[in-house]
1. Seen from all sides and averaged, what is the projected area of the convex hull of the Cα atoms in the range 96-137, in nm²?
2. If I take every Cα pair under 8 Å that is 6 or more residues apart in the chain, average their sequence separation and divide by the length, what percent do I get for the relative contact order?
3. Which order do peptides 136-149, 163-176 fall in by mean Cβ count within 10 Å, highest first?
4. What figure in square angstrom, to the nearest 10, would you give for the accessible area of Arg31 with a 1.4 Å probe?
5. Label Met111 and Val145 with points 7 Å out from Cα along Cα→Cβ: what is the distance between them in nm?
6. Under a no-solvent Debye model with one identical scatterer per Cα of the range 99-167, what's log10 I(q)/I(0) at q = 0.28 Å⁻¹?
7. Taking the Cα centre as origin and putting +1 on Lys and Arg beta-carbons and -1 on Asp and Glu beta-carbons, what dipole magnitude results for the chain, to the nearest 20 debye?
8. Looking at the chain as a GNM with Cα springs under 10 Å, which of Trp29, Trp159, Trp19 has the largest mean-square fluctuation?
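The values are calculated or read from the model by the stated rules, or taken from the named source; none is laboratory data. What you are looking at is a predicted structure, and each value in this text was computed from that prediction instead of being measured. For neighbour counting, all protein chains shown are included, and Cβ atoms are generated from backbone atoms with ideal geometry for every residue, glycine included. In case anyone asks, the SASA skips ligands and DNA or RNA and just uses the protein heavy atoms, side chains included. Shrake-Rupley method; radii C 1.70, N 1.55, O 1.52, S 1.80 Å.
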Amino acid sequence: FVYMIFIEPPSHLTGPRRWEEFTEAMNVWCRVATGILGFLLMMAAAVRGAGVVSGERDRDTWVSLMSTPLTAWEMLRAKWLGSVLGLRRGYFMLLLVWALTLAVGAVEPPMILATMLYTAVYVSAFAWIGVWYSITSRTTLIATVWAIMTALFLAGGFWAFVGLCCGLPMNIMDVEPDVVEYAASLLAGCTP
């Protein structure tokens, strides 16, 4: 963006219009990077969570872990916390994207705070999905496959199901476009 706007700008970009174009481009970059990094963090949390308990069973260390004075809840909470906090590099990259866009004024600080909250909630939930499958599956491979499939479905894969089961029939029946647009907006709000 810096090169295209400041070094080799098009002829129609002059003065303050350059800065506006730059902040607009940085805003788009921030949204795309946040979406991609957030998706990767959610998937990584689910995969990490899928191996926490089943991995202990695979290595035959679960029995010795159960003999400690910790309760089951304390162990699971620690395993979940490890799944969430083990993604520090991803969080750092996300914070770097947000800091850069905040520094140039491309996004508003309240929106970054809201995005931080949503990211924390989604990553935490996806880590619990992985932990759940880790508890209920016999092996780490099975837990990981189930966690990935569930995470992909919840992260937006349900759009294929909705499109085939609802969108296609509604299109065939010539339902009013307002109803389809309302349903799509509702589902878009449910997509991480």
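1. Over every viewing direction, the Cα hull of the range 96-137 projects on average to 3.2 nm².
2. Taking the mean separation of contacting Cα pairs over the length of the chain, I get 31 percent.
3. Those peptides, ordered most packed to least, come out 136-149, 163-176.
4. Accessible area of Arg31: about 150 Å².
5. Computed distance between label sites Met111 and Val145 equals 4.2 nm.
6. Results for the range 99-167 at q = 0.28 Å⁻¹ read -1.09.
7. Its charge dipole is roughly 880 debye.
8. Trp19
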